[in-house]
Amino acid sequence: MFSIPRALWLSAAVLSLVIFSPFVTADSMTPDVATESVLEQLPELPKIARKDLPATIVGIVDKVKAASAAMRGDYCKLLASAGKPGISGLVHMLRSEDPNLRWETVSALARAKGSPLAVDAIRAMLRDENWGVRSEAAMALGRAGEPHDNVILREIAVADDSEAVRKAALRGMETLKHREITGKAPKNALESST
């Protein structure tokens, strides 16, 4: 089967952003005073106490924390489909010390499209100390965010210390633009983390 090298794909993604995004210019890709404050304005992770969660959600949260890595994703998807209480449970789990659990949780939050709480939590995770979590948050913001989140992703694509996070931010920008144009998320192998 024909395979496009990742570097070539990334070049095509950047080129498509330049073509389809008139607001992305060489000058706008360099941080300035106005865009540096974008990351400072990211929301704080909402504080949701365990005692504020319904008993059913607490039970699922406990199962997620105790589950093997293979099962965590399924439990997180279950919580994401449980509406506002489930999303609150996922946001509660973002405070975990386990970066793998935070990664799975951010991925699941992207499935809760239309939830302002989920999108704010994803935005907050762009400040996580783990590059893998930040990378997943950048891609998740592309899947679940709003068109104005392009500014945040652009800043991350320029300023993050991790190359993987910068590339994920570019993919998130591409996904946001695709959703804006077509009204739906792209279907390809690179978006398979959901």
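The values are calculated or read from the model by the stated rules, or taken from the named source; none is laboratory data. All figures in this text were calculated on a predicted structure; none of them were measured in a lab. Please note: Cβ atoms are built from the backbone with ideal geometry, for glycine as well, and neighbour counts cover all protein chains shown. When the accessible area is computed, the model is the full protein with side chains, heavy atoms only, and any ligands, DNA or RNA have been set aside. Shrake-Rupley method; radii C 1.70, N 1.55, O 1.52, S 1.80 Å.
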Heads up, the helices (runs of 4 or more DSSP H) in segment 88-178 (entirely inside) with at least 3 residues that are within 10 Å of the chain's Cα centre (by Cα) are 99-109, 116-124, 131-144
In segment 60-90, anything out of contact with any Gly (no Cβ under 8 Å at 6 or more places or on another chain), more than 19 Å from S135 (Cβ to Cβ) and of a type in the set (A, V, I, L, M, F, W, C) is listed as V64, A66, A67, A70, M71, I87
Do we find a residue being under 15 Å from I48 (Cβ atoms) and either at pLDDT below 90 or open to solvent by less than 40 Å² (accessible area, probe 1.4 Å) (or both) anywhere in segment 125-135? yes
Please go through segment 126-165 and give me each residue that is of a type in the set (S, T, N, Q) and free of Cβ contacts under 8 Å to residues at least 40 places away in the same chain, ordered by number. N130, S135, S162
Could you look through segment 35-87, keep only residues that are under 16 Å from the mean Cα position of the chain (by Cα) and surrounded by 21 or more Cβ atoms within 10 Å (Cβ to Cβ), and pick out the one that is farthest from A108 (Cα to Cα)? I87
Please go through (1) modelled with pLDDT of 50 or more; (2) exposed (fewer than 11 other Cβ atoms within 10 Å of the Cβ); (3) part of a loop (DSSP other than H, G, I, E, B); (4) not polar (S, T, N, Q) for A7 and return the number of the only condition it doesn't satisfy. (3)
